[in-house]
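Here is the structure we will look at, set down as structure tokens.
The values are calculated or read from the model by the stated rules, or taken from the named source; none is laboratory data. Computed from a predicted structure; not experimentally measured. FYI the Cβ positions are ideal-geometry reconstructions off the backbone, even for glycines, and counts take in every protein chain you see. Heavy atoms of the whole protein, side chains included, go into the accessibility calculation; ligands, DNA and RNA do not. Shrake-Rupley method; radii C 1.70, N 1.55, O 1.52, S 1.80 Å.
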Amino acid sequence: MHATGLASTLSLMLSTINPKSDIVNPQSTMLDFPKLSAAYQEALLGSLVPFYLKNSQDHLGGYFNGLSAKGEPYDTDKFISQQAHQTWAFAKLYGTVGASDIWLNHARHGARFLYSFAHDENLRCYASVDRLGRPVAPTTDVCTDAVVVMAYCQMYGVTGEDEWAMLAKQTLMGLLDRHNTQRTEQDQTVNGFRVLRHLSEPIAVMQALIEAQSLLSEEDWKEAIESISAELLNEFLDKRQDILREYIQPEGAFVNTPEGRRLSAGLTFQAANVAHDLANETGNRKLAIQAAAWTIQLCEWAWDEATGGLDQWVDLKSQTLPYPDSKQRWAWVHLECLSALIKAYFYTRHPNTPKWLQRVHDFTFQHFPDIENGGWHLALNRQAKPLFEAKATPTNGCSDLVKPLLESWQIADQCAKLKPAVVLNRFGAVSRRIV
């Protein structure tokens with residue numbers, strides 16, 4: 001494994017690639033973003049959204065989080081993170097696309113369930129409840145609380161109803177306090193058992209803060225976002241190779257074990273996506289360039305040249321990974337990658353994005369859509385065959401696919417509006433670049 005230098009991402013010119021699919025304009029090296037945008041729109045509104053809209057709603061409240069390949073429920077427990085993810089997804093669709101009140105009603109169905117059953121007396125979220133809303137398990141991290149904050153923020157944004165803003169802010173304040181307290185306690189632990197932190201937490205907190213920006217004062221938001229950004233960039237980031245580790249010890253200490261060396265492709269792409277969102281919000285171009293570098297580097301390391309597709313995990317030091325499922329192909333990983341690549345192109349013009357966008361797009365749209373039953377396969381084996389017969393699980397479902405696909409559609413649509421400018425290269429010949 002070789003580190004990709006940050007300086008290599010500063011170039012704004014596209015490198016020449018060999019087009020092999022119709023997402024690349026055969027007359028140039030430029031991606032055909034109108035076709036990309038249309039493909040993502042059709043996959044989202046023609047396949048994924050109808051499948052979950054038809055099958056996931058439980059008339060007793062909330063959504064079924066376990067759905068078979070045909071959309072039949074196989075589990076009636078309600079996992080709060082997935083309840084919130086789906087609420088967020090349909091509220092976001094309504095606010096962004098605005099095509100149907102059915103989407104808002106679907107989101108409200110989930111939001112009411114969250115309001116009624118997701119929280120304990122301190123507004124901390126449970127991990128799961130049963131079909132009637134009775135607590136089954138507590139949360140062990142802040143990720144569930146963070147996505148519930150996001151769901152409430154979206155509901156406030158599309159309805160203007162103050163109860164959602166109040167719930168979002170109170171839940172956010174609680175999770176920030178717990179996260180900071182837990183980090184302080186871990187940092188002060190000496191000679192105790194090994195403690196590991198997971199990359200999913202700063203990503204989730206950063207996503208929640210970006211969603212909730214309008215609910216906080218400028219000073220409070222800036223303080224909170226700077227703190228979580230520092231955690232991501234100073235502790236989880238391996239600065240020697242400029243890549244994010246999945247597990248770290250307190251204060252970013254490295255542990256030379258399979259867990260400590262493990263890099264998560266999906267979480268890295270998620271981190272890149274939220275970093276691009278933050279960079280766009282704050283005007284931090286350096287962060288956008290860095291996020292583009294993470295994306296390209298993980299594509300290079302996780303791509304399976306033999307069979308195609310992205311591995312779930314890779315080892316930071318190219319050692320053996322003792323995880324039988326590391327070679328599985330997950331839809332959410334590939335869609336997060338597509339979103340991160342399109343953002344990298346739009347915000348930085350990273351020269352390697354066309355090549356990787358073509359590869360990942362082709363594999364994703366060839367193998368994950370379920371033509372027979374509708375919706376998408378969640379996971380494939382290394383031979384690109386469905387890994388199991390389920391379209392939603394307690395840990396993976398609607399929003400894990402809808403969110404990155406919606407972002408890809410939105411950014412691809414913006415890229416389609418970019419205009420090429422004719423310039424002279426250093427040899428005096430005419431070339432083109434995107435402006």
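Consider Ala279 against the criteria (1) open to solvent by less than 20 Å² (accessible area, probe 1.4 Å); (2) in a loop (DSSP other than H, G, I, E, B): it satisfies all of them except one. Which criterion is unmet?
For Ala279, the exception is condition (2).
Could you list all residues from region 384-420 that are in a strand (DSSP E or B) and either out of contact with any strand residue (DSSP E or B) (no Cβ under 6 Å at 6 or more places or on another chain) or modelled with pLDDT of 90 or more (or both)?
Hits for region 384-420 are Pro386, Ala390, Lys391, Ala392, Thr393, Asn396.
Looking at the structure I just gave you, is Glu201 charged (D, E, K, R), in a helix (DSSP H, G or I), surrounded by 15 or more Cβ atoms within 10 Å (Cβ to Cβ) and under 24 Å from the mean Cα position of the chain (by Cα)?
Taking the combined requirement at face value, the residue satisfies it.
Scan region 303-316 and give yes if some residue there is on the phi < 0 side of the Ramachandran plot, surrounded by fewer than 19 Cβ atoms within 10 Å (Cβ to Cβ), of a type outside the set (Ser, Thr, Tyr) and part of a helix (DSSP H, G or I), otherwise no.
no
Read through the list (1) farther than 27 Å from Glu72 by Cβ; (2) more than 14 Å from the chain's Cα centre (by Cα), then give the number of the only condition that Gly375 fails.
Evaluating Gly375 over (1) farther than 27 Å from Glu72 by Cβ; (2) more than 14 Å from the chain's Cα centre (by Cα) leaves (1) as the failure.
I need the full set of residues from region 368-380 which are under 13 Å from Trp332 (Cα atoms) and open to solvent by 10 Å² or more (accessible area, probe 1.4 Å), in order please.
Answer for region 368-380, where residues must be under 13 Å from Trp332 (Cα atoms) and open to solvent by 10 Å² or more (accessible area, probe 1.4 Å): Pro369, His377.
Here are some conditions: (1) farther than 28 Å from Ala392 by Cα; (2) free of Cβ contacts under 8 Å to residues at least 60 places away in the same chain; (3) of a type outside the set (Phe, Trp, Tyr); (4) crowded, with 21+ Cβ neighbours inside 10 Å. Ala292 meets all but one. Which one does it not meet?
Every condition holds for Ala292 apart from (2).
Give the residues of region 128-148 that are part of a helix (DSSP H, G or I) and over 16 Å from the mean Cα position of the chain (by Cα), sorted by residue number.
Asp145 - this is the single residue of region 128-148 that is part of a helix (DSSP H, G or I) and over 16 Å from the mean Cα position of the chain (by Cα).
Pull out all pairs, ordered by first then second residue, where Cβ-Cβ is under 9 Å, the residues are six or more apart or on different chains, the first lies in region 341-354 and is at positive phi, and the second is aromatic (Phe, Trp, Tyr).
none
Hey, could you check region 125-141 for residues that are of a type in the set (Val, Ile, Thr) and at pLDDT 95 or above and say which is most open to solvent (accessible area, probe 1.4 Å)?
If we take residues in region 125-141 being of a type in the set (Val, Ile, Thr) and at pLDDT 95 or above, then Val136 is most open to solvent (accessible area, probe 1.4 Å).
Check Val195 against each of (1) within 11 Å of Gln249 (Cα to Cα); (2) not acidic (Asp, Glu); (3) not in a loop (DSSP other than H, G, I, E, B) and name the one condition it does not meet.
Against the list (1) within 11 Å of Gln249 (Cα to Cα); (2) not acidic (Asp, Glu); (3) not in a loop (DSSP other than H, G, I, E, B), Val195 comes up short only on (3).
Does Asp315 qualify as being among the acidic types (Asp, Glu) and in contact with a helix residue (DSSP H, G or I) (Cβ under 6 Å, 6 or more places away or on another chain)?
So Asp315 passes the test.
Could you list, in sequence order, the residues of region 223-273 that are hydroxyl-bearing (Ser, Thr, Tyr) and surrounded by fewer than 22 Cβ atoms within 10 Å (Cβ to Cβ)?
Ser227, Ser229, Tyr247, Thr257
Residue check, Asp362 against (1) open to solvent by 20 Å² or more (accessible area, probe 1.4 Å); (2) under 19 Å from Ala89 (Cβ atoms); (3) touching a Ser or Thr at 6+ places or on another chain (Cβ under 7 Å); (4) not aromatic (Phe, Trp, Tyr), all met but one. Which one?
(2)
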